[in-house]
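Only one structure is covered here, and it is reproduced in the block below.
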Amino acid sequence: MGAPTRAATAADAVDGVQPEVVVEPTTVEEASEVLRDATARGKRVVCRGGASKLGWGNRPAGADLLLSTARLDRVLEHAHGDLIARAEAGVRLDAFQEVLAKAEQTLALDPPEEGATLGGVVAANASGPLRMRYGTARDLLIGITVVLADGTVARSGGKVVKNVAGYDLGKLFTGSLGTLGLIAEVTFRLHPRPSSFTGATLDLESPERACEAAQALSHAQLAPAALELHWPDRSGQGRLLLLVEAPRGGVTEQARDAVRLLEPYGRAEVIEPAAAETVMEGYGARPWHGVDGDGQLLGAKAACVPTELAGAIEDLWASAGANGLGASLRGHAGVGVTYAALRGGDAAALVAAFEEARERLAGRGGSLVALQAPPEFKQRVDVWGPVGDAAGLMRRVKARFDPEGTMSPGRFVGGI
């Protein structure tokens, strides 16, 4: 018997591109057969996990077959003593965390997209507030099993090593958005589950104060788990939130130390331990989540060195304002990542504001990527932007792993 297959519906479309069929393999071997057959027949394939980030990337050049990991949903191993766990790519992150919590352990990844799967998190290199302390999926992934377009199953890291010669599969596939092959299994390094939380907040009057305060905290001996920025509207105040966590107590004094450091930059307060984790859940959301933009809403990710945070905020505000748009900002202030929701105008205004902001940010060594955008926007803008000399290398890697262009054609950087 082959992998379960059904006719695709309108709900399975990827950025308006309609697949013919949806295939849900139940094993790695079935996934291998599906991809081998699809490539032989010249079919184009897009992989789907929880569909929480399916709109990221450029519009695909084609999507004849949607390869779903919904039935690859087993936790395969949890080595408690080694702080390692291995699971299939379709396991939901929240379900995985529940399994780990029974041993008082956690995977220190907290992307806010509801329904995210482990494979999707790796494919998008998605992260949340905890990246300040623990890094991203690329830092926590220690093993991976992938299925290439020709059906080859390759493994690296973890306890079994069968690699494609000369390539670090984990690093390559993290953030590749399905353009190199299907992520089938992942192995992660875990951490003890924190039981004590507290934090501090700082009300902000200007981006300069935000940058100065973030730098003061980043260079202090506090080891914060997260440092988040929330600025809903340029006309109002912003806020920084610091989260401190530990397996056992001892966090309250760190929060008090943080407040003493923050007082020169504005009104600072300690967050009570009982409320700290709940408060952080709200701060981790992308600024466009739950926003009704009537189709004309752009979600973008700006990145720069942390010392340029103030300038990046001003760039986003100025570009939005010049084109009659509002801008709501959230971000990871400690690592220089800011997410922006631009809204209030038509597609032309979104394009103009985005391109202006991208140019401004490039002038300070930063970048801007569109994550959520209406179809009219994607028809006119490369959501990834220029990558310089790296483009040639990316094309060579794509040609090595997927010479027929089967996997997610056109979605990645440079239309790969």
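Structural remarks
- Selection count where residues are among the small types (Gly, Ala, Ser) and either touching a Lys or Arg at 6+ places or on another chain (Cβ under 7 Å) or open to solvent by less than 40 Å² (accessible area, probe 1.4 Å) (or both), scope region 2-15: 3
- Residue in region 156-172 that is within 21 Å of Asp73 (Cβ to Cβ) and either modelled with pLDDT of 95 or more or of a type in the set (Phe, Trp, Tyr) (or both) present: no
- Subset tally (residues that are closer than 16 Å to Gly238 by Cβ and more than 21 Å from the chain's Cα centre (by Cα)) for region 322-358: 1
- Of all residues in region 128-140, none that is over 17 Å from Lys301 (Cα atoms) has its Cβ atom under 7 Å from the Cβ atom of a residue that is of a type in the set (Asp, Glu) and open to solvent by 50 Å² or more (accessible area, probe 1.4 Å), 6 or more apart or on another chain.
- Extreme residue, surrounded by the most Cβ atoms within 10 Å (Cβ to Cβ), among residues of region 16-32 that are among the charged types (D, E, K, R) and assigned to a loop (DSSP other than H, G, I, E, B): Glu24
- Listed by position, the strands (runs of 3 or more DSSP E) enclosed by region 198-278 include none that has at least 2 residues that are open to solvent by 40 Å² or more (accessible area, probe 1.4 Å) and charged (D, E, K, R).
- Yes/no for Leu35 being in contact with a Gly (Cβ under 8 Å, 6 or more places away or on another chain), at pLDDT 95 or above and either surrounded by fewer than 23 Cβ atoms within 10 Å (Cβ to Cβ) or more than 20 Å from Val121 (Cβ to Cβ) (or both): yes
- In the set Thr152, Thr179, only one residue is closer than 27 Å to Leu65 by Cβ, out of contact with any Pro (no Cβ under 7 Å at 6 or more places or on another chain), in contact (Cβ under 8 Å) with a residue 40 or more places away in the chain and surrounded by fewer than 17 Cβ atoms within 10 Å (Cβ to Cβ); that residue is Thr152.
- The one condition in (1) free of Cβ contacts under 8 Å to residues at least 60 places away in the same chain; (2) crowded, with 22+ Cβ neighbours inside 10 Å that Val45 fails to fulfil: (1)
- Sub-9 Å Cβ pairs linking a first residue in region 68-81 that is surrounded by 14 or more Cβ atoms within 10 Å (Cβ to Cβ) to a second residue that is among the small types (Gly, Ala, Ser) and assigned to a helix (DSSP H, G or I), at least 6 apart or interchain, are Thr69/Ala31; Thr69/Gly119; Thr69/Gly120; Leu72/Ala31; Leu72/Gly119; Asp73/Ala95; Val75/Ala95, ordered by first then second residue.
- Extreme residue, farthest from Arg74 (Cα to Cα), among residues of region 120-147 that are open to solvent by less than 10 Å² (accessible area, probe 1.4 Å) and not β-branched (Val, Ile, Thr): Pro129
- Residue match in region 398-406 (condition: hydrophobic (A, V, I, L, M, F, W, C) and under 22 Å from the mean Cα position of the chain (by Cα)): no
- Qualifying residue in region 97-112 (condition: closer than 25 Å to Gly16 by Cβ and not β-branched (Val, Ile, Thr)): yes
- Scanning region 371-403 for residues that are aliphatic (A, V, I, L, M) and more than 26 Å from Leu182 (Cβ to Cβ) returns a single hit, Val381.
- For region 51-58, the criterion of being surrounded by fewer than 23 Cβ atoms within 10 Å (Cβ to Cβ) and under 16 Å from Thr5 (Cβ atoms) is met by no residue.
- Single condition Gln296 does not satisfy, out of (1) under 27 Å from Gly345 (Cβ atoms); (2) buried (at least 22 other Cβ atoms within 10 Å of the Cβ); (3) modelled with pLDDT under 95: (2)
- Residues within region 182-197 that are open to solvent by 10 Å² or more (accessible area, probe 1.4 Å) and part of a strand (DSSP E or B), tallied: 8
The values are calculated or read from the model by the stated rules, or taken from the named source; none is laboratory data. These figures come from a predicted structure and were not determined experimentally. Glycine also receives a Cβ, built like all others from the backbone with ideal geometry; neighbour counts cover every protein chain displayed. Just the protein is used for accessible areas: all its heavy atoms, side chains included, with ligands, DNA and RNA removed. Shrake-Rupley method; radii C 1.70, N 1.55, O 1.52, S 1.80 Å.
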